[in-house]
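The values are calculated or read from the model by the stated rules, or taken from the named source; none is laboratory data. The structure displayed is predicted, hence computed values, not measured ones. Because the Cβ atoms are built from the backbone with ideal geometry, glycine has one as well, and the counts that use them run over all protein chains shown.
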Amino acid sequence: MAKGDVPTQAEGEVPPWRWPEEQWRAIVDKVRAGRSLKPAEWKDGARVAVALSFDSDHESSTLRWGQRSPGKLSQGEYASRVGVPRIRKLLARHDIKASFFVPAVVAKLHPEEQRALAEDGHEIAIHGWIHERNSELTAEEERDLQMRAADTLEEIAGVRPVGLRTPSWDFTEHTVAITREMGLLYDSSLMGDDDPYEILEDGEPTGLVELPVEWVKDDAVYFNMDRFSALRPYAAPSAVLEVFKSEFDGAYQEQGLFLLTMHPHYIGHRSRMALLEELVQYIKSHKGVWFATHAEIARYCLDNCKDDG
């Protein structure tokens, strides 16, 4: 299921208002937020942790649908040709390490990009095979693609990935089991909190760290568009900057996590890179800020979280 899709009831299924309690409870309890993993304080006494992430969807945004349009593919090409180099320069200028979630097909198309990012000290993490829709896969297909994606990223970038962000945040009832089987450290696809937490499966702790995402902290919802429909949600960079600053302010006040999801083919344009530059400068104007990769934050949370019980 793609971001924003609304599921429909299959023909012949019993409607939810007729479900017995054990049915809807089992669905709700399959994957839930467990104990908070928010530490009493962040590394070196920092007040807030800042995790900048980039979903390098590139050409997979077109290929995932089985489409062949050179026009749409060129938008993905822009991400690698222009967007990522601009992002690398900004991160280097501010001495920030970030996390890049990369579909395996994108890594195969742009292997030097992944190697360069890894050499810069950035994290390369799993983002599916071809940005597939997990909810349309069997458990066996999802497992195969996720495992092959990890192998591909390790082969190309030279480092075994420890984290997952499911394509379009399409997290299925099988994803936790697959992720645990792979021995991954964290996921960043769910939205149960603002701050890190441990994932529960069927009511049991899994040991998996969740670094939560949210649409309000994702550039795609402000800058995406569909050229063949009336949907034109382009937002002024200044308006998006206002939202992102407010989200950071809240995290700073609550001494929590500020995690931002961006896409090189959206944020990589000139006007939007100016937005990101101003946001980073604003964040750095505050005392006690820890910029870190998702993997660094997940490990720190496991090692330093408050034990509630």
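At-a-glance table
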| quantity | calculated |
| --- | --- |
| Wholly enclosed helices (runs of 4 or more DSSP H) of region 255-309 bearing at least 1 residues acidic (Asp, Glu) | 270-284, 294-304 |
| Matching residues in region 36-84 - criterion: being in a loop (DSSP other than H, G, I, E, B), out of contact with any strand residue (DSSP E or B) (no Cβ under 8 Å at 6 or more places or on another chain) and in contact (Cβ under 8 Å) with a residue 60 or more places away in the chain | Ala40, Glu41, Asp57, His58, Arg64 |
| Residues of region 213-261 classified as under 23 Å from Trp169 (Cα atoms), crowded, with 18+ Cβ neighbours inside 10 Å and among the aromatic types (Phe, Trp, Tyr), total | 5 |
| One residue from Gly163, Gly158, Gly192 being on the phi > 0 side of the Ramachandran plot and of a type in the set (Gly, Ala, Ser) | Gly158 |
| Close pairs (6 angstrom Cβ cut-off, 6 or more residues apart or separate chains): loosely packed, with under 12 Cβ neighbours inside 10 Å in region 199-212, of a type in the set (Gly, Ala, Ser) and not in a loop (DSSP other than H, G, I, E, B) anywhere | Pro205/Gly34 |
| In region 105-150, the residues that are among the small types (Gly, Ala, Ser) and over 15 Å from the mean Cα position of the chain (by Cα) | Ala107, Ala116, Ala118, Gly121, Ser135, Ala139, Ala149, Ala150 |
| Subset of region 30-71 that is over 25 Å from Ile130 (Cα atoms) and of a type in the set (Asp, Glu) - its residue that is surrounded by the most Cβ atoms within 10 Å (Cβ to Cβ) | Glu41 |
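Residue by residue, here is whether (1) within 19 Å of Val162 (Cα to Cα); (2) at pLDDT below 95; (3) in a loop (DSSP other than H, G, I, E, B); (4) aromatic (Phe, Trp, Tyr) holds:
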| site | (1), (2), (3), (4) |
| --- | --- |
| Arg180 | yes, no, no, no |
| Asp193 | no, no, yes, no |
| Glu198 | yes, no, no, no |
| Pro212 | yes, no, yes, no |
| Met225 | no, yes, yes, no |
